[in-house]
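The values are calculated or read from the model by the stated rules, or taken from the named source; none is laboratory data. In this text, all values refer to a predicted model and were calculated from it rather than measured experimentally. All Cβ positions, glycine included, derive from the backbone under ideal geometry; neighbour counts span all protein chains shown. Just so you know, the surface numbers come from the protein's heavy atoms only, side chains and all, with ligands and any DNA or RNA stripped out. Shrake-Rupley method; radii C 1.70, N 1.55, O 1.52, S 1.80 Å.
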Amino acid sequence: MKLWIRRVHLMLALVCGLFIACLSITGALLIYAKDIQTLLQPEKWTVHNQGPVLTFSHIIDGLEANTGHQVKRLMPEDDPHLAWQATLDSGEYVSLNPYTAKILYRYDYYSTLYGFTLGIHRWLLYQDNDNTMPLRNWVSISALVLILEVIVGFYLWVKPKNRIKRLAIKRRAKFRTLMYQLHTVLGVYLAIPLILIAFSGIAFNWKSVTQGVVEAVTFSRVEVRPVPAPLPKSDSLSVIAIDNAYRNAIATFPNARLFRIYLPTKPGEHIGFRLQNPGESHAYSWVWTNPLNGKVTGYYDASKANTATQVWNFKYKFHIGGFAGPILQLVWLFIALLPALLTFSGFYFWYKRHFK
């Protein structure tokens, strides 16, 4: 029985090991990818604090005048030294100075270090002629195999006797023995966070299945965010009340932090303000307003959501280790690299056993 399980452990690694290592390395890089690209190209991503930022209307009007395209999304930053980002209706991204509305960089999202790494991590960069990402499912399968590998590895450790003694690391042992001890000890101690991180990654693709797991564990249902009814269609899409709309949105949630602004691109659409209320792990609250007069047309306070919804919304911050400061991010960096270490060490043992 044990021999059969070991063979399953090996076969799963042979089939998906390289993909698991790829997810591991790119996931670790994503933790600091934005910081790295800012450090390497500060002229594209940083600005000098020049006092109060311009109004949203000034920034949006300036961007549309200089690019010839409509702004779909505006992404402000809390850090006064970071450039803001915007998305145009052409699909292009813009990095801009919020103090002057000057464009610092026009780019394709997946041409940046962060976007390129994210594309590998989530769908292996492959898009077909219909602009779909068919390899997303293979990425999720690889993450699921990682979960199975951790569970099988844990079983192989817990089944024999003297399991506690086998959690010791002898630093003076031979390299092969030391690698085996590290493989076992790290796999056992970090089994739970590895499983949860892999599961949270799968949740971005296989939403219905993973959401069902969350609902079963929390004994509640994930709430569906309400969507306001379309506004009466107008001949004009001009956002003439963005500043007033923002004031009304913040008045709705006075203690919230603005995350993104979604601008209407066709008649009947609202201005959407995505906000983070106190008690939220990430920005999942919304306020919608009428683009013509700025009046609030609807809102959703995600901080008051039920347990299942709070757990479901926590998956992003948990997956990237962004919920408890820089020290935890370093811990997450190590955990993110662990699947690659376990995969390579497993291949090493197999090679030594069969080709020494």
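Brief remarks on what is shown
- The alpha-carbon of LYS295 sits under 26 angstrom from the alpha-carbons of these lysines, leaving out residues fewer than 8 places away in its chain: LYS72, LYS233, LYS266, LYS304.
- Summary of packing: across the peptides 73-84, 281-292, the per-residue average of other C-beta atoms within 10 Å ranks them, highest first, as 281-292, 73-84.
- Charge-dipole axis of the range 1-155 as Lys and Arg at +1 and Asp and Glu at -1 on Cβ define it, positive-most pick from ILE36, LEU3, LEU82: LEU3
- Of the residues ILE151, ILE242, ILE195, ranked by 1.4 Å probe accessible area with the largest first, the sequence reads ILE151, ILE195, ILE242.
- The chain: DSSP helices with Cα axial extent of at least 20 Å and average Kyte-Doolittle hydropathy no lower than 1.6: 136-158
- Take the Cα of GLN127, step 7 Å toward its Cβ, do the same at VAL8, and the gap between the two points is 4.0 nm.
- Entry comment: accessible area of the chain is 55 Å² per residue, from protein heavy atoms only and a probe of 1.4 Å.
- Tail beyond 29 Å, pair distance distribution of the chain (Cα, percent): 52
- Principal axis dimensions, largest first and in whole angstrom, of the range 280-331 by Cα: 48, 23, 12
- Helical content of the chain, expressed as a calculated mean residue ellipticity at 222 nm, amounts to -17000 deg cm²/dmol (DSSP H runs of 4 or more residues, -39,500 (n - 2.57) each, divided by residue number, nearest 500).
- Potential extension, SER90-VAL227 segment - 0.36 nm per residue separation minus Cα distance: 46.8 nm
- Sorting SER220, SER142 by solvent-accessible area of protein heavy atoms yields SER220, SER142, largest first, with a 1.4 Å probe.
- Signed unit charges on C-beta, dipole axis of the chain, positive-most listed residue ASN205, LEU182, PHE318: LEU182
- Assigned charges on the beta-carbon of Lys, Arg, Asp, Glu; the range 44-201 dipole about Cα centre (debye): 1940
- Computed over protein heavy atoms with a 1.4 angstrom probe, the accessible surface ordering of ILE120, ILE202, largest first, is ILE120, ILE202.
- Inter-site label distance for LEU144 and ASP243 at 7 Å from Cα along Cβ, in nm: 5.3
- Computed over the chain with a Gaussian network model linking Cα atoms closer than 10 Å, the most mobile of SER24, SER90, SER303 is SER90.
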